[in-house]
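Visitor: Please read through the structure below; I'll follow up with questions.
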Amino acid sequence: MAFNSKRINPLDLQPRKAVGVKLPFTAPAVFENTFTTKDAIRTNIINYFLTGVGERYMNPGFGTEIRNLMFNNLTESTSSELESEVRAGLSTFFPNVITKEFRIDPQPDSNLVALFIRYAIQDTNIDDEVLINFEQ
């Protein structure tokens, strides 16, 4: 019986086969491919937070209300609304992502909200983090 065994996602078994497209589109040929589950999930999480609810065709429930909440005054209640929005979205659209650390850093003087998430992917040894800055 193996201890601390690592489950490998089937997408990672073919190292030269792309599984997604990286964000932002800054590669010389515009699109840069992702080749691992870690990179694909990270890009999908960033894409989720940058998409507004109702913005995606044929999947109007995908996305967050973060940009709409950004136009409200940045108070403690707004921060708690942002946190509940983020946690609900992660649990709904990314059930294999386990949130380890979560911070919302509102900076009202500069109209900026920094969203930091440290997470792990279930049944793997993959840990990663995402920092997204939202500006008004």
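Values quoted throughout were computed directly from the atomic coordinates according to the rules given, and no laboratory measurement underlies them. Computed from a prediction, not measured in an experiment: that's the story for all the values here. Here Cβ is always computed from backbone atoms with ideal geometry, including for glycine, and neighbour counts include all displayed protein chains.
Visitor: Anything in segment 91-113 that is over 13 Å from the mean Cα position of the chain (by Cα) and either hydrophobic (A, V, I, L, M, F, W, C) or within 17 Å of residue 47 (Cβ to Cβ) (or both)? List them, or say none.
Guide: Those that are over 13 Å from the mean Cα position of the chain (by Cα) and either hydrophobic (A, V, I, L, M, F, W, C) or within 17 Å of residue 47 (Cβ to Cβ) (or both): 104, 112, 113.
Visitor: Identify all residues within segment 18-53 that are part of a strand (DSSP E or B) and free of Cβ contacts under 8 Å to residues at least 24 places away in the same chain; write none if there are none.
Guide: Across segment 18-53, the qualifying residues are 21, 27, 30, 33, 34, 52.
Visitor: Okay, moving on. In segment 112-136, which residue that is in contact (Cβ under 8 Å) with a residue 40 or more places away in the chain and in a loop (DSSP other than H, G, I, E, B) is nearest to residue 65 (Cα to Cα)?
Guide: Among those residues, the one meeting the criterion is 136.
Visitor: With the checklist (1) closer than 17 Å to residue 133 by Cα; (2) surrounded by fewer than 12 Cβ atoms within 10 Å (Cβ to Cβ) in hand, flag the one item residue 107 doesn't pass.
Guide: All conditions are met except number (2).
Visitor: Within segment 62-84, is even one residue closer than 20 Å to residue 22 by Cβ and among the acidic types (Asp, Glu)?
Guide: No, because not a single residue in segment 62-84 is closer than 20 Å to residue 22 by Cβ and among the acidic types (Asp, Glu).
Visitor: Can you name the residue in segment 81-111 that is β-branched (Val, Ile, Thr) and assigned to a helix (DSSP H, G or I) and is also farthest from residue 61 (Cα to Cα) among such residues?
Guide: Here the answer is 86.
Visitor: So which residues in segment 54-78 are part of a helix (DSSP H, G or I) and surrounded by fewer than 16 Cβ atoms within 10 Å (Cβ to Cβ)?
Guide: Answer for segment 54-78, where residues must be part of a helix (DSSP H, G or I) and surrounded by fewer than 16 Cβ atoms within 10 Å (Cβ to Cβ): 68, 76, 77.
Visitor: With respect to residue 96, determine if the residue is surrounded by fewer than 17 Cβ atoms within 10 Å (Cβ to Cβ) and out of contact with any Ser or Thr (no Cβ under 9 Å at 6 or more places or on another chain).
Guide: When the stated conditions are applied, residue 96 does not pass them.
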